[in-house]
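The values are calculated or read from the model by the stated rules, or taken from the named source; none is laboratory data. Worth saying up front: this structure is predicted, and the values here are computed from it rather than measured. In this analysis, Cβ positions are derived from the backbone assuming ideal geometry, glycine residues included, and neighbour counts consider all displayed protein chains. Heads up: the accessible areas ignore ligands, DNA and RNA and are worked out on the full protein's heavy atoms, side chains in. Shrake-Rupley method; radii C 1.70, N 1.55, O 1.52, S 1.80 Å.
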Amino acid sequence: MQALPSPDELDELVSTTVRLRTSIEQVITGRPALVRVALAVLLAEGHLLLEDVPGVGKTTLAKAIARSIDAPVGRIQFTPDLLPSDLTGVNIFRAQTHEFEFRPGPVFAHVVIGDEINRASPKTQSALLECMQEAQATVDGRTYPLPRPFLVVATQNPVEMEGTYPLPEAQRDRFMARLTVGYPSVESELEMLEQQESSDPLDRVRPVTDAPHVARLIATTRRLYAAPTVKRYVVDLVGATREDPGLRLGASPRAAIQLLRAAKALAAMDGRDHVLPDDVQELAVAVLAHRLLPSTETRLSGRTTQDVVTDVVARVPLPRAEQPRPRRALG
């Protein structure tokens with residue numbers, strides 16, 4: 001049995017995420033919901049995929065998250081000629097000692113920014129699978145642990161398909177959430193022009209927390225209470241995608257696990273020690289849609305997997321009112 005987070009622990013988590021949101025929103029103006037879900041992925045120890053057209057701030061968001069945390073950051077520009085060893089590292093022979101020395105790659109950082117991940121070959125993309133799922137990298141038969149917490153923020157451009165490789169389903173399933181940045185409102189775009197007329201707003205972003213602190217917040221998030229009815233609701237949502245005629249591939253069991261973890265993070269950011277169905281609904285599209293494959297009929301009708309998930313959320317009944325919550329419960 002694990003104790004639920006104390007009020008002091010929740011207050012610490014809320015105050016830290018408020019500082020993080022304020023820091024990131026210096027450069028990502030007018031999109032608080034986007035920043036909110038991105039931080040939920042961080043607290044749930046997941047990975048984030050940002051997909052949108054060029055110039056809307058995907059890489060800027062990734063950099064703002066990284067700069068707001070005082071921790072080593074790895075930056076990878078994915079290109080067709082990138083090799084797996086360019087990510088994980090390589091063994092170098094030292095003539096002076098007659099021994100091989102391991103030189104770690106950019107994945108050996110707390111925050112890894114992967115820019116235009118779909119421009120690398122499938123072989124290179126697959127090098128990230130072990131890193132993202134198991135927080136380790138194997139080089140020349142030897143396994144090296146990655147630092148914890150470990151967050152991959154990857155971007156991809158869905159419109160320039162020439163010279164790109166679609167992410168395999170196995171890799172898309174490793175990302176906890178996929179977000180689209182979207183175009184800013186007129187007011188937000190005017191504010192961006194004012195901010196960036198003479199300087200780069202990223203230069204003003206300063207760390208507001210560090211990696212050990214984030215690790216403590218992740219541990220606090222894991223201890224939130226999720227009622228059996230809420231867990232059953234998560235399973236029902238995921239199961240409904242597997243039976244939907246508009247899809248030829250539904251969500252995996254990993255999707256259910258990550259949806260619940262992300263919902264716990266969202267609840268913690270709101271200062272609650274328990275998960276509500278509203279938390280699950282708010283994250284359903286971001287966590288589930290990128291894992292699904294639409295049927296031919298769905299594609300021809302112009303509907304997307306986001307539309308299907310929205311329909312599933314509207315169709316699956318909400319759980320009944322939960323029983324009184326115990327003071328000490330499993331996380």
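Here T88 passes the criteria (1) touching a strand residue (DSSP E or B) at 6+ places or on another chain (Cβ under 6 Å); (2) closer than 30 Å to S185 by Cβ; (3) buried (at least 21 other Cβ atoms within 10 Å of the Cβ); (4) polar (S, T, N, Q) except the one numbered (2). Among helices (runs of 4 or more DSSP H) entirely within the range 209-270, having at least 2 residues that are farther than 30 Å from D70 by Cα singles out 228-243, 253-269.
For the range 57-90, residues that are assigned to a strand (DSSP E or B), farther than 21 Å from N157 by Cα and free of Cβ contacts under 8 Å to residues at least 60 places away in the same chain total 3. Does V181 qualify as being crowded, with 19+ Cβ neighbours inside 10 Å, at pLDDT below 85 and not small (G, A, S)? Here the answer is yes, as V181 does meet what is asked. Hey, among the residues in the range 218-251 that are open to solvent by 30 Å² or more (accessible area, probe 1.4 Å) and closer than 17 Å to S295 by Cα, which one's farthest from the chain's Cα centre (by Cα)? This residue is P245. How about the range 60-84: which of its residues are out of contact with any Asp or Glu (no Cβ under 9 Å at 6 or more places or on another chain), open to solvent by less than 50 Å² (accessible area, probe 1.4 Å) and not β-branched (V, I, T)? Those that are out of contact with any Asp or Glu (no Cβ under 9 Å at 6 or more places or on another chain), open to solvent by less than 50 Å² (accessible area, probe 1.4 Å) and not β-branched (V, I, T): L61, A66, S68, G74, L82, P84.
Across the range 287-316, what is the total count of residues that are of a type in the set (D, E) and over 26 Å from K264 (Cα atoms)? Number satisfying all stated conditions: 1.
Could you list, in sequence order, all residues of the range 297-310 that are open to solvent by less than 70 Å² (accessible area, probe 1.4 Å), farther than 17 Å from L259 by Cα and in a helix (DSSP H, G or I)? Scanning the range 297-310 gives T298, D307.
The selection criterion, being over 25 Å from Y144 (Cα atoms) and open to solvent by less than 10 Å² (accessible area, probe 1.4 Å), holds for A40. In this structure, is V90 in contact with a helix residue (DSSP H, G or I) (Cβ under 7 Å, 6 or more places away or on another chain) and of a type in the set (V, I, T)? No.
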